[in-house]
Amino acid sequence: MTGRAASGRDAHLQKLIAALRGNLEKCAADPDVDPVHDLRTGTRRVQAMVEAMLRERKDAALEEAAERWLDLLKKLRRAAAPVRDLDVHRKLLRKLMKYGSDHAGAGQIVKTGSGAVTAPVPDVIEAPATELPVSAVEKQADDLDAWLHHARQHRAAALRKKAAKWLPKFDEEAAALHAAMGASRSPRRRAQSAAVVALEAFARLAHEMPHLNAENLHDFRKGAKKARYIAESAEGDAHAQAVGKALKELQDEIGDWHDWLVLAEEAQAALDKHGGELMAVLADERDRHFVLAMKTVQRLRGKLLGEFLAVTQRKRRGRP
């Protein structure tokens, strides 16, 4: 069990590293939407697997190689993250302007059959929906999109240069990590299933961050994402996949809120006093998605911690 589990994770890690290397090479040539997304996500997946491996193996040489590797992954992720965020925010803005919103609230735009944008007037008895000038909202959205596009070009150019520079370093550190893994001792304890490792990681996260708010919710999401990637590493394990699915739902809901939050901040920076109507829409979406995210976290955190306790009790009783 120990040998199979450890070797399976090592093989999965090498597969992830190879895919990450391919996306780094693509970004060095042309940091398009897909390779940038896969580069950013790939660094998280690899980091999660390396950190899980280090918890099972105590080896000084492996820890040293892993530390250098994780430092490089952080640099890659920091270079790719702003480009990916801008891609997501532009897509979000276009979707909002094309379809409007499925939520009618204060300051909220709604697409009518004729394509007009309306905004319900709050706290006025029997007041009809007041139509905003479509050109004003769309002009603000166009201006914001142009600002995001320009920022994306600047960030992508920087990523392209860094990706080309880091390719030799990537190969060097990947080879060093692979050699250290091959020379490291076997895990001192029986390797646990990916589902158990993921649940333990989530339980630690929940213990470290018991009270969530707008200030720490995004950091909670990043921790949950690591646990999710560990669970998803066991492709044939139904339990692990179920854990990963729950973690993904939690992560996605928080991610939606955070995207609206940052897009609203970008609108403020880009439009300042000239984007009042659009910024009211974005603020409403931000607040609505925060409520949804907190509800989802509350529901799934209870579910996942309950499952963690059940697994812990089974382990104490000596059951698989």
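Bear in mind these aren't lab numbers, they're just calculated from the coordinates by the rules spelled out. The model shown is predicted, which means the values in this text are computed figures rather than measured ones. Every residue, glycine as well, gets a Cβ built from its backbone with ideal geometry; the counts of neighbours run over all protein chains shown.
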* Which of LYS95/LYS161; LYS26/LYS162; LYS162/LYS225; LYS225/LYS245; LYS91/LYS226; LYS58/LYS222 have a Cα-Cα distance over 20 Å? -> LYS95/LYS161; LYS162/LYS225; LYS91/LYS226; LYS58/LYS222
* **For the stretch 287-301, Karplus couplings with θ = phi - 60° (6.51, -1.76, 1.60), whole Hz, Gly/Pro x** => 5, 5, 6, 5, 4, 4, 5, 5, 5, 5, 4, 4, 5, 7, 5
* Structure fact -> When the charge dipole of the stretch 192-320 is computed with +1 at the Cβ of Lys and Arg and -1 at the Cβ of Asp and Glu, the Cα pointing farthest to the positive end, of HIS211, MET294, ALA201, is that of ALA201
* Where GluC sites (Glu not before Pro) fall in DSSP loop in the stretch 192-260, at most 14 other Cβ within 10 Å -> GLU215, GLU235
* Asked: Nearest 20 debye, what's the magnitude of the dipole of the stretch 192-320 about its Cα centre given +1 on Lys and Arg Cβ and -1 on Asp and Glu Cβ?
  -> 1140
* Structure fact -> Reduced to Cα centres, the span from the stretch 273-295 to the stretch 192-234 in Å works out to 27
* Asked: Looking at ALA234, GLY223, TRP257, which one has the Cα that reaches farthest to the positive end of the dipole of the stretch 216-258 (charges on Cβ: Lys, Arg +1; Asp, Glu -1)?
  -> GLY223
